[in-house]
1. Mind counting the residues in segment 19-53 that are charged (D, E, K, R), under 16 Å from VAL159 (Cβ atoms) and either surrounded by fewer than 13 Cβ atoms within 10 Å (Cβ to Cβ) or in contact with a Cys (Cβ under 7 Å, 6 or more places away or on another chain) (or both)?
2. Considering only residues of segment 54-104 that are of a type in the set (Gly, Ala, Ser) and within 18 Å of VAL42 (Cβ to Cβ), which is surrounded by the most Cβ atoms within 10 Å (Cβ to Cβ)?
3. With respect to ASP77, determine if the residue is touching a residue at least 60 places away in the same chain (Cβ under 8 Å) and at negative phi.
4. Just a yes or no: is a residue in segment 6-15 touching a Cys at 6+ places or on another chain (Cβ under 6 Å) and of a type in the set (A, V, I, L, M)?
5. All but one of (1) of a type outside the set (Lys, Arg); (2) modelled with pLDDT of 95 or more; (3) outside any loop (DSSP other than H, G, I, E, B) hold for GLU106; which doesn't?
6. Taking the stated definitions as given, is LYS110 among the basic types (Lys, Arg) and either within 24 Å of LEU6 (Cα to Cα) or in contact with a Leu (Cβ under 8 Å, 6 or more places away or on another chain) (or both)?
7. Can you go through LYS147, LYS175 and tell me which one is in contact with a helix residue (DSSP H, G or I) (Cβ under 8 Å, 6 or more places away or on another chain), more than 26 Å from PRO46 (Cα to Cα) and modelled with pLDDT under 90?
Amino acid sequence: MNGIALWITGLPGSGKSTLADEIKKLYSEFIILRMDEFRKVVTPTPTYSDFERDIVYRSLVCLAKIMTEQGHNVIIDATGNLRMWRTLARRLIPKYAEVYLKCPIEICMKRERKRLKTHKAPRGIYKKSAKGWPVPGIQAPYEESRKPKLTIETDVVTVKESVKSIKRFIAHINK
């Protein structure tokens with residue numbers, strides 16, 4: 001299993017980071033590229049403008065490409081609200097798979113409000129939308145996946161069941 005990139009996409013609060021962490025527990029060789037951490041370095045005072053998002057997401061895809069070319073397995077833990085960035089990754093990374101976490105926005109909002117301080121993703125995202133921040137699914141578009149290799153309805157399926165689905169999927173990739 002070398003050079004795989006799994007992009008876990010979905011609305012904020014859909015369970016991306018939780019699932020990425022659980023996959024990492026099973027497969028220690030995976031490197032998690034978290035948009036929340038990446039953005040802090042690339043844009044320490046983010047504006048979340050369309051231009052800035054494009055640069056940040058293209059940079060993230062480039063990093064994943066370079067890492068997979070060197071034989072590393074990567075999990076991209078990022079909303080990736082526009083399809084064009086996920087399409088770019090699909091085009092540039094030979095062993096690429098998109099895992100779409102489908103979840104109603106109301107449930108995502110509820111989860112995000114209850115997010116622990118120890119969780120790596122930021123808190124208060126949906127509150128910021130009320131102040132005009134471009135939050136995917138509210139003021140900023142979230143373009144659902146058209147070609148995911150795996151769709152998990154995280155409001156229906158448990159984390160444990162989700163991990164089992166991804167484990168089967170990874171086993172399938174390695175055949």
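The values are calculated or read from the model by the stated rules, or taken from the named source; none is laboratory data. Keep in mind it's a predicted model, so treat the numbers as computed, not measured. Quick reminder, even Gly has a Cβ in these numbers, built from the backbone with ideal geometry, and neighbours come from all protein chains shown.
1. 1
2. The selected residue is GLY80.
3. Here the answer is yes, as ASP77 does meet what is asked.
4. Within segment 6-15, one or more residues are touching a Cys at 6+ places or on another chain (Cβ under 6 Å) and of a type in the set (A, V, I, L, M).
5. (2)
6. In short, no.
7. Residue meeting the stated conditions: LYS147.
Residue by residue, here is whether (1) at pLDDT 90 or above; (2) over 17 Å from ARG91 (Cα atoms); (3) not in a helix (DSSP H, G or I) holds:
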residue	(1), (2), (3)
LEU6	yes, no, yes
THR9	yes, no, yes
GLY13	yes, yes, yes
THR18	yes, yes, no
ASP21	yes, yes, no
ASP36	no, yes, no
VAL56	yes, yes, no
CYS62	yes, no, no
ILE66	yes, no, no
